[in-house]
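The values are calculated or read from the model by the stated rules, or taken from the named source; none is laboratory data. Just so you know, these numbers come straight off a predicted model, no measurement behind them. Cβ: placed from backbone, ideal geometry, glycine included. Neighbour counts: every protein chain shown. To get the accessible areas, we keep the full protein, side chains included, count just its heavy atoms, and leave off ligands, DNA and RNA. Shrake-Rupley method; radii C 1.70, N 1.55, O 1.52, S 1.80 Å.
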Amino acid sequence: MKNTILILLALSALIFAGCSSDVEDTSGEDYLLAGYYMIAGGETELVDDSKATAPVHQTNYNSTSFANWISAGTTKIVNYPERQQKTYITVSETGVDDVYFISSRTEYPNKEDIIDYYLEEYYVKNVDTDGTDGIWNNADPVVDPDGNSDPKYRETMEVHFQDGSVRQEWIADIPAAGDRYKAFSIDGDMSIPDDESDIVTLVDSDEESWWSSKVYYYQNIKSRISYFSYENKETFGVRYYTQIPETYADLDSKYESSTLILEQTLSRTSTIWDSSYWADLLNYIFGVDSSDGVELAETVIRERIGTNGKKEAVVHSEINTKYDMTLTIDKSISYDLLD
């Protein structure tokens, strides 16, 4: 009886491994869930703890001058933008008056075996609309290299992975007042619908949202993932974000932020893609162009930070493996940012 059990276990292992030599590498879901790990953070804070938020909003930074940022060289901020993450910010002068170049590099100690770093580079213009000339704060707009206001402009928005692949990001839209998004429920649908309008709802008036944004991203995965027999693996993603204040007229009001991420990983015969094709990206996510390739995985991520400081994140991923079976993965995290 004992021998029979051992034989059955051995057969099960061979079947799951596809009778191949990659028995030791039957996972890969962590790579496919990278977007979740980046936004979820971790309940346990870093040893060099600092409850940092965005530098230009947080008390420790919103009165710091551009000159001081520059003289400091690189400023390290821990637990930013999420817990268990580290961000290094460098500010430098440009050849244009009052225009500064910002480089922000984020590292992910919790998943450093997969994600190397995230790099965001952009330009900010010093303006004195609130009596704080020379101070980098929320009054200073994002601009293009010539100093023209352009909140969507980024010199670089990339996630670099340990395998050498790069997730390219670009801001598709920053809706104006009246066209911003309602909050995304943490308990909402965890499947990708047929159309964007089925999952994104605009606010009823321009007094219900402070800020909304839509970001597209694309990645050609270089790592071998043993779930798949296809060498070409491409991820198409869209990330929606919105802030809903308690009291719109009160600029010091607390707000709820929420994020919704929809992601498709496909294997296509054609691997040419760059940001000039971004207008077609939603077609791949919502399945219009899925006939152009084989669907490998579908992932939905939701995140919410309440006005009470509670952070929640959930992910649901369905992975279509080469073993003619679908692997379903659900993860969640919840913790108090005010602890």
Next on the checklist: If each residue of separation counts as 0.36 nm, what is the full-extension length gain between Ile329 and Ala67 once their alpha-carbon separation is subtracted?
Outcome noted: 89.5 nm
Checklist outcome for this item: Computed from the beta carbon distance with a Förster radius of 30 Å, FRET efficiency for Asn148 and Tyr277 to the nearest 0.05 stands at 0.75
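How long is the gain from Glu196 to Asn138 if the chain were fully straight, where each residue apart is worth 0.36 nm and the alpha carbon distance is subtracted?
Working: separation 58, 0.36 × 58 = 20.88 nm, distance 3.07 nm.
Working it through step by step, the gained length comes to 17.8 nm.
Ordering Trp69, Trp170 by accessible area with a probe of 1.4 Å, largest first, what comes out? If you can, show how the numbers build up before the last one.
Numbers: Trp69 5, Trp170 30 Å².
So, going from the largest accessible area down, we get Trp170, Trp69.
Among Met190, Met325, what's the order by accessible area (1.4 angstrom probe), most exposed first? Don't skip to the answer; put the middle values down first.
Values: Met190 45, Met325 85 Å².
The ranking, largest first, comes out as Met325, Met190.
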Next on the checklist: Quick check: pseudo-label points 7 Å beyond the Cα along Cα→Cβ at Asp179 and Lys254, how many nm apart are they?
Outcome noted: 3.2
Next on the checklist: If I ignore ligands, DNA and RNA and count only protein heavy atoms, how much of Glu256 is accessible to a 1.4 Å probe, in Å² to the nearest 10?
Outcome noted: 40
Checklist outcome for this item: Per its Cα gyration tensor (rounded if a/c is under 1.5, else prolate when a/b beats b/c, else oblate), the stretch 128-245 is best filed as oblate
Next on the checklist: With the cut-off at 25 Å, tell me which of the pairs Lys76/Lys233; Lys86/Lys331; Lys214/Lys310 have Cα atoms farther apart than that.
Outcome noted: Lys76/Lys233
Checklist entry - Would you list Asp330, Asp98, Asp30 from the most to the least accessible area, probe 1.4 Å? => result Asp330, Asp98, Asp30
Checklist entry - Is any residue of the stretch 75-107 close enough, with backbone N under 12 Å, to a label point placed 7 angstrom from the Cα of Asp163 along the Cα-Cβ axis, and if so, which? => result none
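Using a ≥ b ≥ c from the Cα gyration tensor of the stretch 165-222 (square roots of the eigenvalues), is it rounded, prolate or oblate, where a/c under 1.5 gives rounded and otherwise the larger of a/b and b/c decides, a/b for prolate? Working shown, then result.
Values: a/c = 2.71, a/b = 1.54, b/c = 1.76.
Here the stretch 165-222 falls in the oblate category.
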Item to check | Accessible area (Å², 1.4 Å probe, nearest 10) - Val166 | outcome: 40
Checklist entry - Hey, rough spin-label estimate for Thr129 and Glu43, points 7 angstrom out along Cα→Cβ, what's it come to in nanometres? => result 4.2
